[in-house]
Amino acid sequence: MAFHDTSNVKSSWATAERRDRDFGSSDVADTEVFIFAGGGTGGHLFPGIAVAEELLHCRPAARAVFVGSHRQVERRIVCEAGFEHFALPVESTALLKRNPLRFAWNNWRACRSAGRLLDDLRPRAVVGLGGFASVPVVRAAAKVGVRSVLLEQNAIPGRATRFLARRASSVCLSFAGSAEHLPRSIDSVLTGNPVRAEIANLFHDSEGRTEGRHATILVLGGSQGARAVNDAALAAFFALKEPLVSGGVQLVHQTGADDVERVREQYREVGLDATVAPFFHNMPQLYRRASLVVSRAGATTLAEIACARLPSILIPFPNSVRGHQRHNALAFTHSGAAELIDQGNQCDSRLAEVVERLLRSPADLDAMSAAAAALALPDAVSAVVDCLLGTEANEIERETSSVDSPGATTL
């Protein structure tokens, strides 16, 4: 799909009009446009893509446009999903101390570009996905009175959400406790974190699946990989080689692109059979196979694990902003859905201990699976779309596309 660089505002807008649509022409005058602003990482983008897909399912004539930064991973994820991507010259706050003049100049340009983009596209609503790239567009929407909805994936709201919350029409939360970290005047709605339909559907078809499930451990370091998680899993599995082999336990390990060959070779050297890949595209099938997940504690991964009713061992990224991964993990451990292991010197041995204990106790795995299911909000996509379209349109918009789903249990 189309990628648009807005660094040169005049030329990029002319290119956008030639390449996509002439917004002054009568044939698109009534087209509803929805802007999804932000990204930078898959954790921000994947929920937005899930919402965009559901929105276009409800309104096939609508147009969904993603606006974010120049990060290559962001551009790749959006374009592979089949959506347009506009890049703003926005800068992260990480640049503020190193080069304050560049930070101020580029973000001023980004705000100006965002305003012009809204003038051209005239969106029905804006969805803020989080991250620094969401700020210019949501601010521009507030200035011209365009409805905006923020998606907050983490238990502790991020800086962009806290900065933009008073300007937004609503904030969609994934964790009930997140509302305590926002001003009381904010209109916040517990929707859950949107996941793809094929992942959300696991909530329904995973009922009663535990008894016949093969013993499979699924290791997820995130789509970008996490060397510390890879190392901890390797050390733990090597220490448990005998019970893993004798028990017929299958190992499936997502390493990230930079670590795949090293991890694959270490499994070969120690004689453990494992399915190793930098990134898996068949996650629904892998979730169906899994008995236990070892993972970071990113919000989108946790939402998927909950929908799949899977017990998990979580190793939060220690340097996440405001410790948001650890807070995410605590929400799951306090509910009995996960075990938390902090990254550090004892991580390897602690992981081996917990894996061995859980594999020896199917009752504990079943209890954790039930706790994960209680945290799941599989209808999050529908709830966000309802919020985006406005409460007055809920019944009309959802009547023809609603799917039977269980009552969501909040965190």
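The values are calculated or read from the model by the stated rules, or taken from the named source; none is laboratory data. Remember, predicted model here, so these are calculated numbers, not experimental data. For neighbour counting, all protein chains shown are included, and Cβ atoms are generated from backbone atoms with ideal geometry for every residue, glycine included.
If you check Asn319 against the conditions, is it at pLDDT below 95 and under 18 Å from Gln153 (Cβ atoms)? So Asn319 passes the test.
Are any residues in segment 118-141 assigned to a helix (DSSP H, G or I), closer than 19 Å to His70 by Cα and in contact with a Ser or Thr (Cβ under 7 Å, 6 or more places away or on another chain), and if so, which ones? Selection gives Phe132, Ala133, Val138.
Within segment 305-356, the set of residues being closer than 21 Å to Pro378 by Cα, assigned to a loop (DSSP other than H, G, I, E, B) and in contact with a strand residue (DSSP E or B) (Cβ under 9 Å, 6 or more places away or on another chain) comprises Ala308, Leu310, Pro311, Ala337. Among the criteria (1) surrounded by 20 or more Cβ atoms within 10 Å (Cβ to Cβ); (2) not in a helix (DSSP H, G or I); (3) not small (Gly, Ala, Ser), the one Asp258 does not fulfil is (1). A Cβ distance below 6 Å, combined with a sequence gap of six or more or placement on separate chains, defines the contacts here; from segment 31-55, residues that are of a type in the set (Ser, Thr, Tyr) reach residues that are surrounded by fewer than 24 Cβ atoms within 10 Å (Cβ to Cβ) and not in a helix (DSSP H, G or I) in the pairs Thr31/Arg63. Out of Leu190, Leu101, one residue alone is surrounded by fewer than 23 Cβ atoms within 10 Å (Cβ to Cβ), without any contact (Cβ under 8 Å) to a residue 24 or more places away in the chain, farther than 18 Å from Phe36 by Cα and in the same structural domain as Gly43 (by TED's automatic domain parsing). It is Leu101. Phe46 passes every criterion in (1) modelled with pLDDT of 95 or more; (2) in a helix (DSSP H, G or I) apart from (1).
Please go through segment 167-187 and give me each residue that is of a type in the set (Ser, Thr, Tyr) and farther than 12 Å from Asn154 by Cβ, ordered by number. Hits for segment 167-187 are Ser169, Ser170, Ser185. Being farther than 19 Å from Leu302 by Cα, out of contact with any Phe, Trp or Tyr (no Cβ under 9 Å at 6 or more places or on another chain) and surrounded by 22 or more Cβ atoms within 10 Å (Cβ to Cβ) narrows it down to one of Ala133, Ala160, so name that one. Testing whether each residue is farther than 19 Å from Leu302 by Cα, out of contact with any Phe, Trp or Tyr (no Cβ under 9 Å at 6 or more places or on another chain) and surrounded by 22 or more Cβ atoms within 10 Å (Cβ to Cβ) leaves just Ala133. Name the single residue, out of those in segment 287-316 being within 20 Å of Leu151 (Cβ to Cβ) and among the hydrophobic types (A, V, I, L, M, F, W, C), that is nearest to the chain's Cα centre (by Cα). Ranking the qualifying residues of segment 287-316, first place goes to Ala299. When we screen Gly225, Gly177 for residues that are more than 24 Å from Ser361 (Cα to Cα), modelled with pLDDT under 95 and not in a loop (DSSP other than H, G, I, E, B), the only hit is Gly177. Annotation: Ala61 fulfils all but one of (1) over 23 Å from Gly158 (Cβ atoms); (2) in contact (Cβ under 8 Å) with a residue 40 or more places away in the chain; (3) not basic (Lys, Arg); (4) not in a helix (DSSP H, G or I); the unmet one is (2).
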